[in-house]
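Below is one structure, written out as structure tokens; comments come after it.
Each value in this text was obtained by applying a stated rule to the coordinates, not by laboratory testing. This one's a predicted model, so the numbers in the text were calculated from it and none came from an experiment. Counting neighbours? That spans all protein chains shown, and the Cβs are built from the backbone with ideal geometry, glycine included.
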Amino acid sequence: MHQKLLSLALLFLTFNVFSQNISSVDSGNYIQSKFICNQENLHKKYFAETQYIKDSLISNGILDIKKENYPDDHILLEWPVAQNINFNEPDYYGISNFVDHNEAYPDQILDYNCGTVSYDLPSGYNHAGVDIFAAPFPWMKMDNNQVVIVAAVAGVIIYKAGSNYDLNCDFSNSESWNAVYVLHEDGSTAWYGHLKKNSLTEKEVGETVSTGEFLGVMGSSGSSTGPHLHFELYNSDDELIDPYVGPCNPSTSTSWWRNQKPYKDPRVLKIMTHIDAPIPYGCVSEEQYNAEINFSPGQNIFLASYLSDQTVGDVLYHRLLSPGGEIFDEWEKEFESNYASSYWYYTRSINNSLPTGKWTYQVVYESQQVLSHNFYIKNEDQKPILSTEQNIEVENDTGYFSIIVSNIGEVGLNISNIETSAGLSADWQGDIAPGESNEILVQMKNNLGDAEFIEIFHNAENSPSIVYVSDQPVSLIQSSITEYDFGEVMVDVYDTLKLPLENPGLETLQIQDVMVPTGFLVNRTSFEIEAQEIDTLEVFFMPTQESVYSGQLKIVSNASNNSEFDVRLLGTGIPNVFLSTEEFLSKEIKLYPNPVRHQFNLNFESINSPICLINIIDKYGKVIANYSIDQKELKKEYKLNVKELSSGTYYLKILGDDNEVYIKRFIKR
């Protein structure tokens with residue numbers, strides 16, 4: 001059911017330098033691709049699913065519809081595709097197929113205007129909808145969520161599927177599509193098919209949508225050869241309706257469109273400059289964008305125009321304007337064929353004599369439509385510079401807010417992509433001239449998190465640029481550690497927890513107090529954490545007696561969400577074997593001199609088993625040094641250098657290979 005004739009034409013005109021005179025002969029090749037979108041078995045499946053779901057909704061009381069209540073007149077449809085917010089290209093779509101009204105097959109086509117802009121299949125399937133494709137660069141548009149599907153008229157969602165694969169280029173596959181079906185007040189039903197995976201409206205089956213409301217992003221799910229919308233319409237008797245009125249359409253005598261578009265709509269969709277030859281159509285990996293707006297002497301520039309419904313005899317005028325606004329060059333192209341979609345490019349080499357600055361590529365189609373595109377010839381030192389806010393405070397967690405992105409450099413700034421954290425959504429791709437700015441709308445989702453951000457990818461230095469967003473100028477994120485058990489720790493010994501504290505807000509966070517239960521200490525109780533920074537709070541467990549310790553660590557701060565920060569601390573105090581009795585200390589091992597200043601000797605003459613490991617432990621039970629004994633060099637006496645130790649009392653924990661543990665105490669002077 002989807003795209004057929006996307007007739008693509010491309011023209012290669014090559015010049016060695018910018019020239020005042022155009023005398024080249026057209027050359028190149030013509031590409032014709034048949035974009036189709038549904039197989040007969042899939043179409044029957046979709047139709048059966050629709051009937052079953054609609055009947056179920058009625059029988060369960062979710063839909064209360066009766067034919068006697070239908071209005072006398074059918075509904076009127078608005079256009080079902082639109083550019084997403086932030087995008088404003090001159091045009092963005094074409095039509096590749098209408099409904100086929102000739103029931104004979106194969107290759108016996110009749111559209112509503114008695115033409116052949118449709119398709120059928122040898123299986124007996126006649127195309128049953130309108131195919132609207134994104135153009136040019138449909139895969140890039142799909143990736144950037146540029147073309148969205150909207151409700152052509154208000155109604156109730158009666159079917160929704162959005163998790164199917166969406167990068168299909170092959171009509172022969174039998175995968176299901178992502179789609180939304182809407183039932184209208186007159187009993188008619190509209191299908192919106194081939195949508196992008198996981199892009200559908202959050203509304204569920206049984207909920208209502210208004211005219212123009214977002215339904216999903218244009219994609220290529222199901223049996224499809226490229227990103228497009230298949231729009232199919234049935235009346236209250238489940239009879240197929242072609243919404244266009246025309247001499248060869250028996251399904252209606254009046255248009256179902258509020259404003260029916262012309263059968264042929266010749267226009268320029270977009271003009272661009274490229275650093276290499278563009279390939280605007282093909283399968284996913286075949287599409288080559290190669291867009292560029294900044295050029296240096298010695299490079300080639302590709303001047304490209306992208307059209308829809310190009311018509312024989314129409315003329316496209318081309319002009320190059322120099323930085324002073326004068327016409328530097330001009331030429332024209334008269335079309336010799338009809339194309340549903342076409343693109344033409346001219347290749348030039350840039351020499352050193354051309355002035356630097358802003359140049360303009362301009363096209364005029366049939367003296368009616370004028371499009372202009374700026375590009376820059378620059379020297380090595382000229383660069384774009386992106387400027388935007390680094391931190392944004394928002395007042396609520398739903399709706400939209402805007403960011404301003406400015407180019408304070410000397411040449412063109414290109415924004416190639418925008419990515420956001422989970423609580424935000426923003427899409428845009430485009431150019432910003434030197435000294436100019438662009439406003440980008442950002443949508444906030446229902447659950448705005450504490451650490452939201454926007455990443456802006458561009459051709460200036462230090463890409464991407466990151467903008468942090470918060471609805472709380474001062475915030476403290478709850479630690480991922482909500483409970484911590486220190487386990488068993490000896491009396492008068494300590495163990496340490498390093499607790500991360502993060503301020504995702506836009507202002508300095510002031511920690512005013514840290515409260516801990518008995519048996520626990522912290523390294524500080526008041527301090528500051530700068531915006532977008534992470535700091536660490538050290539928590540110590542130091543039992544003073546044999547007991548079980550527990551309680552809540554709480555932080556008092558100037559953050560509005562500080563009450564959410566709460567960590568449960570646990571620990572058990574056990575007897576300190578190092579500080580108990582002298583009898584526990586090993587008498588089999590001799591240590592001398594003791595006290596020691598720099599180095600002491602350990603003698604193991606009275607130990608039968610080899611020694612494996614020696615640990616030096618401070619008076620708190622913390623291991624501060626360890627020595628592994630090479631079993632190949634077993635000795636009965638070792639020398640240990642303790643020159644770097646601070647003065648105080650220490651213990652040696654000595655492990656034999658028979659798992660026997662020996663303890664010695666020494667004093668460092």
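Scan around residue 270 for amide H atoms under 5 Å from its own, H built in the peptide plane at 1.01 Å from N, and keep only partners 5 or more places away or cross-chain.
When sequence neighbours closer than 5 places are left aside, the close amide H contacts are 306.
Only bridges whose two residues both fall in the stretch 386-470 count here: according to DSSP, what percent of them are antiparallel, nearest 5?
Once the DSSP bridges in the stretch 386-470 are tallied, antiparallel ones form about 90 percent.
How large is the Kirkwood hydrodynamic radius of the stretch 312-428, in angstrom, based on all distinct alpha carbon pairs?
In the stretch 312-428 this quantity evaluates to 18.3 Å.
Go through the stretch 222-232 residue by residue and turn each phi into a ³J(HN,Hα) via Karplus (6.51, -1.76, 1.60, θ = phi - 60°); whole Hz please, and just put x for glycine and proline.
x, 7, 8, 10, x, x, 6, 9, 9, 10, 10
What angle, in degrees between 0 and 90 and rounded to the nearest 10, separates the Cα long axis of helix 40-59 from the longest principal axis of the Cα atoms of the chain?
70 degrees
Would you list, by chain and number, the lysines whose Cα falls below 17 Å from the Cα of residue 383, excluding same-chain residues fewer than 8 positions away?
358
Mind sorting 264, 196 by how few other Cβ atoms lie within 10 Å of their own Cβ, fewest first?
264, 196
Sorting 305, 349, 646 on the 10 Å Cβ count, fewest up front, what's the list?
646, 349, 305
How long are the three semi-axes of the equivalent ellipsoid of the chain, in whole Å, if each is the root of 5 times an eigenvalue of the C-alpha gyration tensor, listed from largest down?
Rounded to whole Å, the semi-axes are 70, 36, 25.
Hey, how much of the P(r) for the stretch 92-242 falls beyond 20 Å, as a percent of Cα pairs?
Value for the stretch 92-242: 49 percent of Cα pairs lie more than 20 Å apart.
Suppose only helical runs count, i.e. DSSP H with n ≥ 4. What mean residue ellipticity at 222 nm does that imply for the chain under -39500 (n - 2.57) per run, divided by all residues and rounded to the nearest 500 deg cm²/dmol?
Roughly -1000 deg cm²/dmol at 222 nm, from the helical runs in the chain.
Given Cβ point charges of +1 (Lys, Arg) and -1 (Asp, Glu) and nothing else, what value in debye, to the nearest 20, does the dipole of the chain about its Cα centre take?
2560 debye
Which value, in debye to the nearest 20, describes the size of the charge dipole of the stretch 73-228 about its Cα centre when Lys and Arg Cβ atoms bear +1, Asp and Glu Cβ atoms bear -1, and nothing else is charged?
The dipole magnitude comes to about 420 debye.
Collect residues whose amide H, placed 1.01 Å from N in the peptide plane, falls under 5 Å from the amide H of residue 600; neighbours closer than 5 in sequence don't count.
640, 642
Can you sort 508, 518 so the residue with the fewest Cβ neighbours within 10 Å comes first?
518, 508
Do the alpha carbons of any pairs in 54/264; 196/333; 196/261 sit beyond 29 Å of each other, and which pairs?
54/264; 196/333
Per residue of the stretch 302-308, in order, report the coupling 6.51 cos²θ - 1.76 cosθ + 1.60 (Karplus, θ = phi - 60°) as ³J(HN,Hα) in whole Hz, putting x for Gly and Pro.
Using θ = phi - 60°, the values come out as 10, 9, 10, 10, 10, 10, 10 Hz.
Projected onto the charge dipole of the chain (+1 at Lys/Arg Cβ, -1 at Asp/Glu Cβ, origin at the Cα centre), which of 84, 448, 629 gives the Cα projection farthest towards the positive end?
629
From the phi of every residue in the stretch 104-112, what ³J(HN,Hα) in whole Hz does the Karplus formula 6.51 cos²θ - 1.76 cosθ + 1.60 yield, where θ is phi - 60° and glycine or proline is x?
6, 7, x, 6, 10, 10, 8, 8, 4
Mind checking the full-extension length gain between residue 170 and residue 283? Use 0.36 nm per residue of separation minus the Cα-Cα distance, one decimal, nm.
39.8 nm
How about residue 664: which lysines have a C-alpha closer than 24 Å to its C-alpha, ignoring those fewer than 8 places off in the same chain?
587, 590, 619, 622, 635, 636, 639, 643, 653
For residue 409, list long-range residues whose amide hydrogen, built 1.01 Å from N in the peptide plane, is under 5 Å from its own amide hydrogen.
385, 435
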